[in-house]
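Asker: This is the structure I have questions about; it appears just below.
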Amino acid sequence: QQQVKQSPQSLIVQKGGISIINCAYENTAFDYFPWYQQFPGKGPALLIAIRPDVSEKKEGRFTISFNKSAKQFSLHIMDSQPGDSATYFCAPTSGGYQKVTFGTGTKLQVIP
Amino acid sequence: GAVVSQHPSRVICKSGTSVKIECRSLDFQATTMFWYRQFPKQSLMLMATSNEGSKATYEQGVEKDKFLINHASLTLSTLTVTSAHPEDSSFYICSALLSAGQETQYFGPGTRLLVL
(Lines give C-alpha, C1' and ligand atoms only; values in the text may rest on other atoms or scores of the structure.)
Protein backbone atom coordinates (compact mmCIF):
# COMPACT_ATOMS: atom_id res chain seq x y z
CA GLN A 1 0.00 0.00 0.00
CA GLN A 2 1.63 3.16 -1.25
CA GLN A 3 0.77 6.04 1.02
CA VAL A 4 2.95 8.68 -0.60
CA LYS A 5 3.00 9.29 -4.33
CA GLN A 6 5.19 11.70 -6.21
CA SER A 7 4.78 13.11 -9.68
CA PRO A 8 6.31 13.23 -12.13
CA GLN A 9 8.65 10.23 -11.91
CA SER A 10 11.20 12.09 -13.98
CA LEU A 11 11.60 15.65 -15.12
CA ILE A 12 13.83 17.42 -17.60
CA VAL A 13 14.14 21.18 -17.23
CA GLN A 14 16.32 23.67 -19.01
CA LYS A 15 18.77 25.72 -17.02
CA GLY A 16 17.04 28.75 -15.59
CA GLY A 17 13.62 27.15 -15.70
CA ILE A 18 11.27 26.19 -12.90
CA SER A 19 11.13 22.60 -11.65
CA ILE A 20 7.94 21.51 -9.93
CA ILE A 21 7.54 18.22 -8.11
CA ASN A 22 4.35 17.15 -6.39
CA CYS A 23 3.70 14.86 -3.46
CA ALA A 24 0.31 13.40 -2.54
CA TYR A 25 -0.29 11.56 0.70
CA GLU A 26 -3.13 9.72 2.37
CA ASN A 27 -2.23 9.62 6.02
CA THR A 28 -3.78 12.62 7.77
CA ALA A 29 -1.54 11.98 10.79
CA PHE A 30 1.48 13.33 8.92
CA ASP A 31 2.54 16.56 10.54
CA TYR A 32 5.95 17.38 9.10
CA PHE A 33 6.60 17.61 5.37
CA PRO A 34 10.23 17.59 4.19
CA TRP A 35 11.85 17.25 0.82
CA TYR A 36 15.15 15.40 0.50
CA GLN A 37 17.71 15.60 -2.30
CA GLN A 38 19.77 12.56 -3.20
CA PHE A 39 22.71 12.41 -5.57
CA PRO A 40 23.72 9.04 -7.09
CA GLY A 41 25.54 6.82 -4.63
CA LYS A 42 24.91 9.18 -1.73
CA GLY A 43 22.50 9.36 1.17
CA PRO A 44 19.59 11.82 1.06
CA ALA A 45 20.02 15.31 2.48
CA LEU A 46 17.29 17.54 3.82
CA LEU A 47 16.49 20.31 1.38
CA ILE A 48 13.53 22.12 2.87
CA ALA A 49 10.61 21.28 5.13
CA ILE A 50 7.26 22.71 6.16
CA ARG A 51 4.81 22.25 9.00
CA PRO A 52 1.03 22.12 8.42
CA ASP A 53 0.35 25.47 10.07
CA VAL A 54 1.74 27.38 7.07
CA SER A 55 0.90 27.12 3.37
CA GLU A 56 4.23 28.14 1.88
CA LYS A 57 7.88 28.32 2.82
CA LYS A 58 10.71 29.72 0.76
CA GLU A 59 14.43 29.20 1.20
CA GLY A 60 16.53 30.68 -1.54
CA ARG A 61 15.55 29.11 -4.84
CA PHE A 62 13.47 26.41 -3.14
CA THR A 63 9.82 26.79 -2.17
CA ILE A 64 7.38 24.37 -0.59
CA SER A 65 3.67 24.87 -1.14
CA PHE A 66 1.35 22.96 1.15
CA ASN A 67 -2.33 22.22 0.58
CA LYS A 68 -3.68 20.50 3.65
CA SER A 69 -7.22 19.97 2.35
CA ALA A 70 -5.93 18.32 -0.82
CA LYS A 71 -3.29 16.36 1.12
CA GLN A 72 -0.62 17.54 -1.25
CA PHE A 73 2.58 19.50 -1.09
CA SER A 74 4.98 20.51 -3.80
CA LEU A 75 8.57 21.55 -4.30
CA HIS A 76 9.39 24.43 -6.62
CA ILE A 77 12.96 25.01 -7.74
CA MET A 78 13.39 28.42 -9.30
CA ASP A 79 16.22 29.20 -11.72
CA SER A 80 17.07 25.50 -11.95
CA GLN A 81 20.76 24.71 -12.35
CA PRO A 82 22.59 21.63 -13.66
CA GLY A 83 23.84 21.10 -10.10
CA ASP A 84 20.22 20.56 -9.05
CA SER A 85 20.14 17.36 -11.10
CA ALA A 86 19.35 14.69 -8.53
CA THR A 87 16.54 12.55 -7.24
CA TYR A 88 14.08 14.27 -4.95
CA PHE A 89 12.00 12.54 -2.32
CA CYS A 90 9.16 13.85 -0.26
CA ALA A 91 9.10 12.17 3.14
CA PRO A 92 6.15 13.14 5.31
CA THR A 93 6.51 12.22 8.94
CA SER A 94 4.24 11.44 11.84
CA GLY A 95 4.25 9.92 15.27
CA GLY A 96 6.58 12.29 17.08
CA TYR A 97 8.83 12.39 14.02
CA GLN A 98 9.78 8.77 14.36
CA LYS A 99 8.06 7.36 11.32
CA VAL A 100 9.13 8.55 7.89
CA THR A 101 7.44 7.45 4.68
CA PHE A 102 9.47 8.20 1.60
CA GLY A 103 7.73 9.06 -1.63
CA THR A 104 8.41 7.26 -4.86
CA GLY A 105 11.05 9.75 -5.95
CA THR A 106 11.46 12.15 -8.87
CA LYS A 107 14.58 12.20 -10.96
CA LEU A 108 15.34 15.74 -12.07
CA GLN A 109 17.70 16.53 -14.89
CA VAL A 110 18.57 20.14 -15.58
CA ILE A 111 20.10 20.58 -19.00
CA PRO A 112 22.32 23.53 -19.95
CA GLY B 1 25.89 20.58 10.76
CA ALA B 2 25.17 17.10 11.99
CA VAL B 3 27.33 14.51 10.29
CA VAL B 4 26.61 10.82 10.00
CA SER B 5 29.18 8.40 8.61
CA GLN B 6 28.91 4.84 7.43
CA HIS B 7 31.54 2.18 7.07
CA PRO B 8 32.28 0.56 4.77
CA SER B 9 31.10 2.56 1.80
CA ARG B 10 30.91 -0.56 -0.30
CA VAL B 11 31.41 -4.24 0.33
CA ILE B 12 31.46 -7.34 -1.82
CA CYS B 13 30.99 -10.69 -0.14
CA LYS B 14 30.28 -14.29 -0.95
CA SER B 15 26.85 -15.80 -0.47
CA GLY B 16 26.44 -17.21 3.02
CA THR B 17 28.76 -14.83 4.78
CA SER B 18 27.80 -12.11 7.24
CA VAL B 19 28.47 -8.43 6.74
CA LYS B 20 28.52 -5.70 9.37
CA ILE B 21 27.79 -2.08 8.51
CA GLU B 22 28.55 0.70 10.97
CA CYS B 23 26.67 3.97 11.34
CA ARG B 24 28.21 6.71 13.44
CA SER B 25 27.02 10.16 14.43
CA LEU B 26 30.25 12.16 14.40
CA ASP B 27 29.41 15.38 16.17
CA PHE B 28 26.28 14.61 18.13
CA GLN B 29 24.69 11.93 20.23
CA ALA B 30 21.82 10.10 18.59
CA THR B 31 19.36 8.28 20.79
CA THR B 32 17.53 7.08 17.69
CA MET B 33 18.93 5.82 14.41
CA PHE B 34 17.15 4.37 11.44
CA TRP B 35 18.18 1.81 8.84
CA TYR B 36 16.90 1.95 5.28
CA ARG B 37 17.36 -0.18 2.19
CA GLN B 38 17.25 1.23 -1.30
CA PHE B 39 17.16 -0.86 -4.47
CA PRO B 40 18.30 0.70 -7.75
CA LYS B 41 16.05 3.48 -8.96
CA GLN B 42 13.67 2.92 -6.08
CA SER B 43 12.73 4.78 -2.96
CA LEU B 44 14.10 4.27 0.52
CA MET B 45 12.36 1.60 2.55
CA LEU B 46 12.59 1.79 6.32
CA MET B 47 13.89 -1.46 7.74
CA ALA B 48 14.09 -0.72 11.44
CA THR B 49 14.30 1.91 14.12
CA SER B 50 17.23 1.60 16.48
CA ASN B 51 17.17 3.07 19.98
CA GLU B 52 20.25 3.20 22.16
CA GLY B 53 20.19 0.57 24.86
CA SER B 54 17.07 -1.21 23.66
CA LYS B 55 15.99 -3.66 21.01
CA ALA B 56 15.38 -2.38 17.53
CA THR B 57 11.88 -2.08 16.14
CA TYR B 58 11.58 -3.79 12.78
CA GLU B 59 9.18 -2.93 10.00
CA GLN B 60 6.75 -5.51 8.78
CA GLY B 61 8.39 -7.98 6.46
CA VAL B 62 11.93 -7.37 7.68
CA GLU B 63 13.50 -10.43 9.29
CA LYS B 64 15.04 -9.44 12.58
CA ASP B 65 17.18 -12.59 12.68
CA LYS B 66 18.59 -11.80 9.27
CA PHE B 67 19.23 -8.12 9.84
CA LEU B 68 20.74 -7.78 13.29
CA ILE B 69 20.84 -4.26 14.67
CA ASN B 70 22.86 -3.20 17.68
CA HIS B 71 22.75 0.35 19.02
CA ALA B 72 25.39 0.00 21.68
CA SER B 73 26.19 3.65 22.23
CA LEU B 74 24.80 7.09 21.52
CA THR B 75 27.07 7.45 18.51
CA LEU B 76 27.11 3.98 16.97
CA SER B 77 24.57 1.63 15.48
CA THR B 78 25.48 -1.47 13.52
CA LEU B 79 23.55 -3.51 10.99
CA THR B 80 24.70 -7.06 10.40
CA VAL B 81 23.36 -8.89 7.39
CA THR B 82 23.63 -12.53 8.36
CA SER B 83 24.06 -15.32 5.82
CA ALA B 84 23.84 -12.84 3.00
CA HIS B 85 22.38 -13.89 -0.34
CA PRO B 86 22.40 -12.17 -3.73
CA GLU B 87 18.91 -10.79 -3.13
CA ASP B 88 20.30 -8.86 -0.16
CA SER B 89 22.44 -6.83 -2.53
CA SER B 90 21.29 -3.27 -2.08
CA PHE B 91 22.20 0.22 -0.88
CA TYR B 92 21.88 0.43 2.90
CA ILE B 93 21.49 3.87 4.43
CA CYS B 94 21.33 4.88 8.07
CA SER B 95 20.04 8.09 9.55
CA ALA B 96 20.01 9.67 12.98
CA LEU B 97 17.85 12.07 14.88
CA LEU B 98 19.69 15.02 16.35
CA SER B 99 17.73 14.76 19.56
CA ALA B 100 14.53 13.30 20.94
CA GLY B 101 11.53 14.94 19.33
CA GLN B 102 13.64 16.46 16.56
CA GLU B 103 12.01 15.90 13.23
CA THR B 104 14.99 16.14 10.90
CA GLN B 105 16.86 12.98 10.07
CA TYR B 106 20.51 13.22 9.10
CA PHE B 107 21.52 10.56 6.65
CA GLY B 108 24.75 8.70 6.21
CA PRO B 109 26.38 8.34 2.79
CA GLY B 110 25.16 4.77 2.40
CA THR B 111 26.81 1.39 2.00
CA ARG B 112 26.65 -0.52 -1.25
CA LEU B 113 26.44 -4.27 -0.60
CA LEU B 114 27.01 -6.76 -3.38
CA VAL B 115 26.55 -10.42 -2.57
CA LEU B 116 28.02 -12.81 -5.11
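The values are calculated or read from the model by the stated rules, or taken from the named source; none is laboratory data. Here the structure is a predicted model, which is why all the values come from computation and not from measurement. Note: ideal-geometry Cβ built from the backbone for every residue, glycine included; neighbour counts use all protein chains shown. All accessible areas refer to the heavy atoms of the entire protein, side chains included, with ligands and DNA or RNA removed. Shrake-Rupley method; radii C 1.70, N 1.55, O 1.52, S 1.80 Å.
Asker: So, with a 1.4 angstrom probe, what is the percent of accessible area on chain B that is carbon and sulfur?
Answerer: Looking at chain B in its full context, I get 52 percent from C and S.
Asker: Taking amide hydrogens as modeled 1.01 Å from N in the peptide plane, which residues meet the under 5 Å criterion relative to A:S85, leaving out close sequence neighbours?
Answerer: A:V110
Asker: If you don't mind, there's one more thing I want to ask. Ignoring trypsin sites (Lys or Arg not before Pro) that are buried or in helix or strand per DSSP, and keeping those with at most 10 other beta carbon atoms within 10 Å, what is the longest stretch of chain B between them?
Answerer: Numbers: sites that count: B:K14, B:K41.
Here the longest run is B:42-116.
Asker: For segment B:78-88, just list the computed ³J(HN,Hα) in residue order, Karplus coefficients 6.51, -1.76 and 1.60, θ = phi - 60°, integers in Hz, with x standing in for Gly and Pro.
Answerer: 10, 10, 10, 8, 8, 6, 5, 10, x, 5, 7
Asker: Follow-up question, since we're still on this one. Check the cysteines of chain B one by one and keep only those with no other cysteine Cβ under 4.7 Å from their own.
Answerer: B:C13
Asker: Over segment B:16-96, what is the relative contact order in whole percent, taking alpha-carbon pairs under 8 Å and six or more residues apart?
Answerer: It rounds to 42 percent for segment B:16-96.
Asker: Next question. Treat each spin label as a single point 7 Å out from the Cα along the C-beta direction, and report the A:I20 to A:N67 distance in nm.
Answerer: Result for the modelled spin labels: 1.0 nm.
Asker: Please turn the phi angles of segment A:73-88 into ³J(HN,Hα) values with the Karplus equation 6.51 cos²θ - 1.76 cosθ + 1.60 (θ = phi - 60°), one per residue in order, whole Hz, x for glycine and proline.
Answerer: Running phi through 6.51 cos²θ - 1.76 cosθ + 1.60 with θ = phi - 60° gives 8, 10, 10, 10, 10, 7, 6, 4, 10, x, x, 7, 4, 5, 9, 10 Hz.
Asker: Evaluate the distance, in nm, between pseudo-label points positioned 7 Å from the Cα of A:D79 and of B:T80 along their respective Cα→Cβ axes.
Answerer: 5.2 nm
Asker: Identify all aspartates and glutamates with a Cα-Cα distance to B:K66 below 12 Å; exclude those on the same chain that are fewer than 8 residues away in sequence.
Answerer: By straight Cα distance, B:K66 reaches B:D88.
Asker: Heads up, I need the accessible area for B:C13: 1.4 angstrom probe, whole protein in place, Å², nearest 10.
Answerer: Number for this one is 20 Å².
Asker: How high is the relative contact order of chain A, in percent, with contacts defined as C-alpha pairs under 8 Å that are six or more residues apart? Let's see the in-between values first.
Answerer: Details: 274 pairs, mean separation 40.7, N = 112.
Worked out over chain A, it gives 36 percent.
Asker: Using only the alpha carbons, work out the radius of gyration and Dmax of the protein assembly as shown in angstrom.
Answerer: That works out to 17.6, 51 Å for Rg and Dmax.
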